[in-house]
Amino acid sequence: MYSPAGVKTNHNEFPIPDTMRAWVLGDPGQLSMTDKPTPVPKKAEVLVRIDAVAICATDLEIIYHGPPASIQGGLPFNKGFTPGHEYMGTVVGLGVGVDEYKIGQRVAVEIHAGCGQCRRCREGMYTSCHNYGLNYGDVDKGHRANGFTTDGGFCEYQVNHINTLVSINDEMSDEEGTLVVTAGTAMYALTELGGLVAGESVCVTGPGPIGLMAVAVAKALGAQPVILTGTRDNRLEIGKQLGADAVVNVRKTPDVVAEVKKLNGGKGVDYVVECSAATTAVNDAVRMVNRGGRVCLAAFAHEDVPVDVAHIVRNNIYMYGIRGEGKSATHRAEAFMQQKRFDATKIHTHTFPLEDLPTAIRYAKARVEDAIKVVVKNQVGAVNKVAAE
Ligand SMILES: [Zn+2]
Ligand SMILES: [Zn+2]
């Protein structure tokens, strides 16, 4: 029976085994299910029973290619590493000093826990922690990036710092709970752009999960018009359902910049949120905004991208890059979701049990049946929850 010193548990309602099932990454693309010791929360950490985890395009990058994961300073292969970073679950164990959360509380989990002691963390920019990746082992800076530099969520339990938790209510399904972080990333992009976008024009490029959530959040914040560009009509259609006033299929439109301006009354838009990672996207974005406009880059590019610097300087355009879900944006996103200001579940398409992770990954990777967000659920967790009710 799991009973580490100093950790509060409630085995009657939430029995915790000493070992748990966990997927680990071997060679590129090779995942296998194994047993790992159930992790132990330290001071200000909790043990989360993972109830659901969504697959992200970045998980596929990590599993098949390695970066942006960095384990012990290198590629994540054959190190017993468990990927997965967009998860939610139930608090089942409390580390020393934790009274902010109760056992049984449902939470979504932010990916990044800053070290709390570097300059950026002290400024509230914990997703830009200067001790990124320096944790566990010879140096222990207490920094975590679930599924990037520390073990993630394709398993049954994980430890997380209380600062990364977002309480969710029982009306929110497990699947929707996994989307809090996705919506939080979109919220962070709009936060960095200034946040006060009511009545101003926003173009989102790329209707992936973060782009679609950027449309929803921009609309919920009162932006108008909200324009979405992309290559797939079915995704653009979901963008409309989430609040896009207009959509542009770039495959069918010879000059996407001219089309966006036309849709905004002949003028450049105030803000662009770039979520496509297309090679032409940065130059399109800086030409879509008006003079003095702002562009936020939220997608990992796969190659060097040409940038028209002279155009940016001549027109006083502001450029931002964001990583993850900083500045507590997940809390603001969750508030919108709780108030049903948009329906994030429109981007959830499939659910599989944890043991079918390879099938779930195949669906996400090949976009089988137009898959967008594919979720795996911890069936053991689901059974426990029923038993506890
Ligand atoms: Zn992700
Ligand atoms: Zn830090």
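The values are calculated or read from the model by the stated rules, or taken from the named source; none is laboratory data. Predicted, not measured: the structure shown is a model, and the values here were computed from it. We place every Cβ from the backbone using ideal geometry, glycine too, and count neighbours over all the protein chains shown. Ligands, DNA and RNA are excluded from the accessible area calculation, which covers all protein heavy atoms including side chains. Shrake-Rupley method; radii C 1.70, N 1.55, O 1.52, S 1.80 Å.
Key figures
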item	result
Of residues in the stretch 114-127 being surrounded by fewer than 18 Cβ atoms within 10 Å (Cβ to Cβ) and closer than 15 Å to Thr164 by Cβ, the one nearest to ligand 2 (Cβ to nearest atom)	Gly116
Unmet criterion (only one of (1) more than 14 Å from Cys296 (Cα to Cα); (2) in contact (Cβ under 8 Å) with a residue 24 or more places away in the chain) for Asp255	(2)
Residue count, the stretch 192-228 (criterion: in contact (Cβ under 8 Å) with a residue 40 or more places away in the chain and not in a loop (DSSP other than H, G, I, E, B))	17
Strands (runs of 3 or more DSSP E) contained entirely in the stretch 1-119, each with at least 3 residues that are within 16 Å of ligand 1 (Cβ to nearest atom)	45-54, 86-94
Close pairs (9 angstrom Cβ cut-off, 6 or more residues apart or separate chains): of a type in the set (Ser, Thr, Tyr) in the stretch 326-355, open to solvent by 60 Å² or more (accessible area, probe 1.4 Å) and part of a helix (DSSP H, G or I) anywhere	Ser328/Asn163; Thr349/Glu369; Thr349/Asp370
Residue within the stretch 95-105 that is under 18 Å from the mean Cα position of the chain (by Cα) and either within 12 Å of ligand 2 (Cβ to nearest atom) or open to solvent by 20 Å² or more (accessible area, probe 1.4 Å) (or both) present	no
Residue that is farthest from Phe336 (Cα to Cα) [pool: residues in the stretch 161-194 that are open to solvent by 30 Å² or more (accessible area, probe 1.4 Å) and within 16 Å of ligand 2 (Cβ to nearest atom)]	His161
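Every residue, every condition in (1) crowded, with 23+ Cβ neighbours inside 10 Å; (2) assigned to a helix (DSSP H, G or I); (3) on the phi > 0 side of the Ramachandran plot; (4) modelled with pLDDT under 95, yes or no:
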{"position": "Asp284", "(1), (2), (3), (4)": "no, yes, no, no"}
{"position": "Arg291", "(1), (2), (3), (4)": "no, no, no, no"}
{"position": "His302", "(1), (2), (3), (4)": "no, no, no, yes"}
{"position": "Val307", "(1), (2), (3), (4)": "no, no, no, no"}
{"position": "Ala310", "(1), (2), (3), (4)": "no, yes, no, no"}
{"position": "Val313", "(1), (2), (3), (4)": "no, yes, no, no"}
{"position": "Tyr320", "(1), (2), (3), (4)": "no, no, no, no"}
{"position": "Ala333", "(1), (2), (3), (4)": "yes, yes, no, no"}
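Yes/no per residue for (1) out of contact with any Phe, Trp or Tyr (no Cβ under 8 Å at 6 or more places or on another chain); (2) aliphatic (A, V, I, L, M):
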{"site": "Val7", "(1), (2)": "yes, yes"}
{"site": "Phe14", "(1), (2)": "yes, no"}
{"site": "Ser32", "(1), (2)": "no, no"}
{"site": "Lys36", "(1), (2)": "yes, no"}
{"site": "Pro39", "(1), (2)": "no, no"}
